[in-house]
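In what follows, a structure is listed as structure tokens, so that the remarks can point back to it.
The values are calculated or read from the model by the stated rules, or taken from the named source; none is laboratory data. Predicted model, so just to flag it, every value in this text is computed and none were measured. Glycine gets a Cβ as well: all are built from the backbone with ideal geometry, and neighbour counts include every protein chain shown. Heavy atoms of the whole protein, side chains included, go into the accessibility calculation; ligands, DNA and RNA do not. Shrake-Rupley method; radii C 1.70, N 1.55, O 1.52, S 1.80 Å.
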Amino acid sequence: MGRVRSALFRPWTAGVLMAAVVAGAFGLYWFQPWKLWQDETVQEALPEVTAVASTPPAGSPSGTAATPPPAGPVTLASGEMISHEHATSGTVRFVRLADGSHVVRLEGLDTSNGPDLHVWLTDAPVKEGRAGWHVFDDGRYVTLGKLKGNKGSQNYTVPEDVDPSLYTSVTIWCDRFDVSFGAAELARA
């Protein structure tokens with residue numbers, strides 16, 4: 001009888017063990033817990049449009065001034081990050097560059113690293129605490145790209161067809177778990 005019992009026990013044990021290994025591997029892939037201890041720091045300068053030196057057209061007086069360079073970057077709106085799912089701090093600026101394009105700039109960002117993090121420009125109100133964790137995918141939002149690093153200062157290009165007046169906040173959004181790590185309300189300058 002002892003041999004019969006051990007023969008039945010082994011396949012069941014092997015099945016449970018195999019299921020545990022598969023579940024563990026899936027959990028590691030899905031949650032990526034090692035990212036909590038890995039920081040990625042990115043330090044980017046604010047983009048500038050370089051003026052091209054121009055020479056006066058042939059036949060014009062040599063004293064004619066060249067076309068003046070375009071005006072520098074202008075902050076249209078800004079705000080301070082607040083924490084949601086993870087402790088988050090830093091400043092967000094919505095900037096119009098000299099060529100008329102726009103960028104969202106994160107300055108002094110400090111948040112947790114995580115799986116599938118993105119920067120979103122949204123029309124949602126920024127709410128404190130748990131009430132603000134899930135509101136950003138309820139309305140209009142534009143994905144500006146994957147978060148380049150969980151620390152530092154970074155720029156995210158706003159697509160040309162986006163009307164800046166329709167968006168009032170920026171969030172660090174975790175697509176994997178549909179939750180905001182942190183967000184900032186944009187106050188017009």
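If you check residue 161 against the conditions, is it free of Cβ contacts under 8 Å to residues at least 24 places away in the same chain, in a loop (DSSP other than H, G, I, E, B) and open to solvent by 20 Å² or more (accessible area, probe 1.4 Å)? Spelling it out, residue 161 is indeed free of Cβ contacts under 8 Å to residues at least 24 places away in the same chain, in a loop (DSSP other than H, G, I, E, B) and open to solvent by 20 Å² or more (accessible area, probe 1.4 Å). Could we say that residue 87 is over 14 Å from residue 171 (Cβ atoms) and loosely packed, with under 14 Cβ neighbours inside 10 Å here? Here the answer is yes, as residue 87 does meet what is asked. Applying the criterion of being more than 14 Å from residue 118 (Cβ to Cβ) and not hydroxyl-bearing (Ser, Thr, Tyr) to the residues of the range 164-189, the residue that is surrounded by the most Cβ atoms within 10 Å (Cβ to Cβ) is 184. Among the residues that make up the range 48-65, is at least one of them at pLDDT 90 or above, in a loop (DSSP other than H, G, I, E, B) and not small (Gly, Ala, Ser)? No - not one qualifying residue is present in the range 48-65. Return the residue satisfying two criteria in turn: it lies in the range 66-87 and is in contact with a Leu (Cβ under 8 Å, 6 or more places away or on another chain) and in a loop (DSSP other than H, G, I, E, B), and of such residues it is nearest to residue 162 (Cα to Cα). Applying the filter and picking the extreme gives 73.
Residue pairs whose Cβ atoms lie under 8 Å apart, separated by 6 or more positions or on different chains, with the first residue in the range 31-47 and over 16 Å from residue 176 (Cβ atoms) and the second surrounded by 14 or more Cβ atoms within 10 Å (Cβ to Cβ) and at pLDDT below 65, do not occur. Looking across the range 93-141, the residues that are open to solvent by 20 Å² or more (accessible area, probe 1.4 Å) and under 13 Å from residue 162 (Cα atoms) come down to 96, 100, 101, 102, 123, 140, 141.
Out of the range 143-158, which residues are closer than 19 Å to residue 102 by Cβ, of a type in the set (D, E, K, R) and assigned to a strand (DSSP E or B)? Scanning the range 143-158 gives a single hit, 146. Please work out which one of (1) of a type outside the set (Ser, Thr, Tyr); (2) at pLDDT below 95; (3) open to solvent by 90 Å² or more (accessible area, probe 1.4 Å) is the condition residue 43 fails and give its number. Exception for residue 43: condition (2).
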